[in-house]
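For reference, the structure discussed in these notes is given below.
The values are calculated or read from the model by the stated rules, or taken from the named source; none is laboratory data. Source: prediction; values computed, not measured. Don't worry about glycine lacking a Cβ; one is built from the backbone with ideal geometry, like all the others, and counts go over all protein chains shown.
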Amino acid sequence: MFQLKMNIAGKRAKNILGSLTFGMLGTFMLYAAQDFESAGRVTPAFIGCGLLFLSVLLIIVEFSKSELLPPPTAITGSLVRRSLFIALMVIWVVALPYLGFVVAGCLAFAIISAAVPKNSNKTSTNFALNTVAGVLTTIGFWVVLTAFLKVPLPEATFF
C-alpha cells in the first residue's frame, strides 16, 4: 500500500514538474516573440499562450481533482526509431537553407516515411501514398504560407 502511494506521489510530482517546465517554455516563447515583427509574433505568441494556459490548467487539476487524470501507460515503441526520426529532422533543418523549403520538405517527408514506419508491413504502395501525401502537404503549406500569409520561407541556394 505504501509503495502504491509513493508511486502515485511520484507520478503527481512528474506531472507538476512537466507542467512547470512547459509553463516556463510558454513564458519564454511569449517573451521572445516580443522581438519579432507584428506578423511574425502571432504564431509563437499563440503557442506560448497555449502552453502557459494548459500548464496552469494541469497544475490546477493536479492539486484539486487529480483523480480525473488517467494513470500514465507504459511507453512502448522503438527508441532506435525515435532517435532516427530526431536525427532526420535535424538533417532537414540543416538542409533548409540550402535546398529550400519545398525541396527539403518533400525529401525529408519521403525519407522519414521510408525510414521510420510504425508498422512492419512496409510496402511500396504505402511508401508511395505517404510520399505523395507528404509532397502535397509540403506544397500546400508552402502555398498558404508564402502566397496568403506572406511568410518568407527558405529558397534553394545550391551555390
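One line per residue, one yes/no per condition, for (1) modelled with pLDDT of 85 or more; (2) assigned by TED's automatic domain parsing to the domain that holds T21:
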| site | (1), (2) |
| --- | --- |
| Q34 | yes, yes |
| R41 | no, yes |
| G48 | yes, yes |
| A74 | no, no |
| I91 | yes, no |
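As a summary of the residue check, V42 satisfies the conditions (1) within 30 Å of K150 (Cα to Cα); (2) surrounded by 14 or more Cβ atoms within 10 Å (Cβ to Cβ); (3) among the aliphatic types (A, V, I, L, M) except for the one numbered (2). Summed over the range 15-29, residues that are over 14 Å from G48 (Cβ atoms) and either polar (S, T, N, Q) or outside any helix (DSSP H, G or I) (or both) total 2.
Annotation: of all residues in the range 2-32 being over 18 Å from L69 (Cβ atoms) and among the polar types (S, T, N, Q), the one that is modelled with the lowest pLDDT is Q3. In the range 130-159, the residues that are on the phi > 0 side of the Ramachandran plot never reach a residue that is assigned to a loop (DSSP other than H, G, I, E, B) and of a type in the set (F, W, Y) with C-beta atoms less than 8 angstrom apart, at least six apart or across chains.
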